[in-house]
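Shown next, in structure tokens, is the structure this report addresses.
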Amino acid sequence: MDRRSILKAFSISGFVALGSGSVMRQLLLGEQQKAIVTADPSQIPVAANAPKVPEKLVEIVEEHAAASDYLEVSAPQKLEQQVADLKAEIEAAENDPHVKDYMQKIRYFEGVFEDDFFVSEQEFKLIQSTLKHLGRVQRTIGHGNFNLINFDQMIKYGRNFSQVGEFTKTELDFLEQLFFVDAGKYGFYGEKVLPGLTDKIPSRELVKVPKTGHYLFKGKSLKLYDTLRKDVGEDIFLTSGIRSTVKQMYLFLSKAVQAEGNMSKASRSLAPPGYSYHAVGDFDVGKVGYGYKNFTEDFAQSDVYKRLQDLGYINIRYTNDNRFGVRYEPWHIQVV
Ligand SMILES: [Zn+2]
């Protein structure tokens, strides 16, 4: 089974996990009933009112509508059969070792799996030294500014500050390679949101959020954050806002070191450089005084999270059992 079909099978099984067989059946039979009273089957608004229906279901309903024996009494039974077939297909997908394996990986993201991607010993050393080098940039320009700097600025800081030191060709080549690698190689399936290595965060479009050391984009992100603070209370705060590619590189390499060179394990906890929605408007929130727990599933047990949920603000990018290859992140607020 290739990756696409695994994900397709997974999305079908995800749909069933969310809804239920009987909901699906009603949906299909509902369309069927409408169809019976309509003279011309080609005019039936097939599943037009059900945008979340997976392709496969739409296909079946459409195929059914187009069948020549459409108005025969046997049609509902045929549809039942198709629903049963689909259920069997879903069951097979759920029992598929590849899908199971995928689910295991994002649930036990801190585990080590047989097909995880490891860097070589030599590359691991390079990761460690490059990470230290980036750390020197951060210490020199400050945590806040480091959230925003781009690749060219990073190189300049290396040249201009002796306490940072110039980036070597080997380091730069490595960072470039890290940026352009297809993260699918690690088992990360999100989309690339920042395609250029040297892309800049436009400074006129952002604001520094007081007391956090983080920045947000004016407009949607800032508005949502202000609303959250107003509605949830002062207990909620910004734990991570805009992150440039360089900042994401720093965080990703930190994860890679913690994971002892297991890039797959690193990417199960953090989007690789270029793939993070923090570059385009998403942000993380936490509860004041909750410390490191703000970045664990414990956050979902906090009163802040519960208030967020009660007020209907929860629009989480990386849900339980998501399809990006990332662990569940209840603190990550999806904006874009
Ligand atoms: Zn986040």
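The values are calculated or read from the model by the stated rules, or taken from the named source; none is laboratory data. These figures come from a predicted structure and were not determined experimentally. Every residue, glycine as well, gets a Cβ built from its backbone with ideal geometry; the counts of neighbours run over all protein chains shown.
Assuming F237 fulfils every condition listed in (1) within 16 Å of the ligand (Cβ to nearest atom); (2) in a helix (DSSP H, G or I); (3) more than 30 Å from E123 (Cβ to Cβ) apart from one, which condition is it?
Only one criterion in (1) within 16 Å of the ligand (Cβ to nearest atom); (2) in a helix (DSSP H, G or I); (3) more than 30 Å from E123 (Cβ to Cβ) is unmet by F237, namely (2).
Taking region 207-220 as the region of interest, how many residues are modelled with pLDDT under 95 and among the hydroxyl-bearing types (S, T, Y)?
1
Against the definition (in contact with a Lys or Arg (Cβ under 8 Å, 6 or more places away or on another chain) and either basic (K, R) or away from the ligand (no atom under 13 Å from the Cβ) (or both)), how does S302 come out, yes or no?
yes
Based on what the data block shows, is D284 in contact with a strand residue (DSSP E or B) (Cβ under 7 Å, 6 or more places away or on another chain), within 14 Å of the ligand (Cβ to nearest atom), in the same structural domain as V137 (by TED's automatic domain parsing) and modelled with pLDDT under 95?
Working: in contact with a strand residue (DSSP E or B) (Cβ under 7 Å, 6 or more places away or on another chain): yes; within 14 Å of the ligand (Cβ to nearest atom): yes; in the same structural domain as V137 (by TED's automatic domain parsing): yes; modelled with pLDDT under 95: yes.
So D284 passes the test.
For region 122-178, enumerate the residues that are in contact with a Gly (Cβ under 8 Å, 6 or more places away or on another chain) and charged (D, E, K, R).
Listed by number, the residues that qualify are E123, R136, E166.
From the list K230, K247, K265, which one is over 17 Å from the mean Cα position of the chain (by Cα) and either away from the ligand (no atom under 13 Å from the Cβ) or part of a loop (DSSP other than H, G, I, E, B) (or both)?
None of the other options fit; the residue is K230.
When region 225-263 is examined, which residues are found to be surrounded by fewer than 18 Cβ atoms within 10 Å (Cβ to Cβ) and among the hydrophobic types (A, V, I, L, M, F, W, C)?
V257
Tell me, which residue of region 287-299 that is surrounded by 13 or more Cβ atoms within 10 Å (Cβ to Cβ) and hydroxyl-bearing (S, T, Y) is nearest to the ligand (Cβ to nearest atom)?
Restricting to residues being surrounded by 13 or more Cβ atoms within 10 Å (Cβ to Cβ) and hydroxyl-bearing (S, T, Y), the top hit is T296.
Taking region 315-336 on its own, how many of its residues are modelled with pLDDT under 75 and away from the ligand (no atom under 11 Å from the Cβ)?
Looking only at that region, the number is 6.
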